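Presented below is the structure to which this report refers.
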């Protein structure tokens, strides 16, 4: 339940699709500022119907998204879920307990198409990294789709359920359909100069301010329009694998054969 993605259809079209799917409040980053070359609206005339050179000239004239100055924001307090066994109290020390000492935290996201290695930015987004690590290791209690609070790896066996090539790949939902959460939310952590300026950035999905939970996404290209509204908490590679995952066949935004997240392993050194 946390995200908005990058797609060329209009915002009204996206909203209508979301309502039809019954998931208007799911965490989905929007792709309203995606470059026109990434995907063509269904109503766009065919190439044969356009004057020679017209397409190139129009695309060259279209304003391209620009990087803007990102200023750090104060971290808000969020109301703990009443049934959360921890009442929202979870720290980076809690999340890394038992790991070898070290300064570098890494998440290895093993998929059926290859393994991503993600450096976690615990110095930039400590609350978010603590949450992700705790869920991945299965030591932070979370509410399962069956409604029970359990300590078990939250991401193992899930999928990338939403993919928009040239924008992002989204996963981390135990329900595997984009509607799942962990039973609680954590605040945004927007840090100084934290920009969605390249592919491979690991970010939290959300359904509005300070509603991060379990779902995350990885950028497939710069997405400056997301700056200031989403927490960036890691850097993933290799970039070729990110592009490969983003290039699977989709029906709309849903993969025909969703890439599986087999296991997420956290290491520190």
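Structure notes:
- From the list 229, 200, 252, 183, the lone residue that is out of contact with any strand residue (DSSP E or B) (no Cβ under 7 Å at 6 or more places or on another chain), at positive phi and surrounded by fewer than 23 Cβ atoms within 10 Å (Cβ to Cβ) is 252.
- Flag if residue 241 is on the phi < 0 side of the Ramachandran plot and buried (at least 23 other Cβ atoms within 10 Å of the Cβ): no
Each reported figure results from applying straightforward, stated rules to the coordinates on display, with no laboratory input. From a predicted model like this one, the values you see are computed outputs, not experimental measurements. Glycine also receives a Cβ, built like all others from the backbone with ideal geometry; neighbour counts cover every protein chain displayed.
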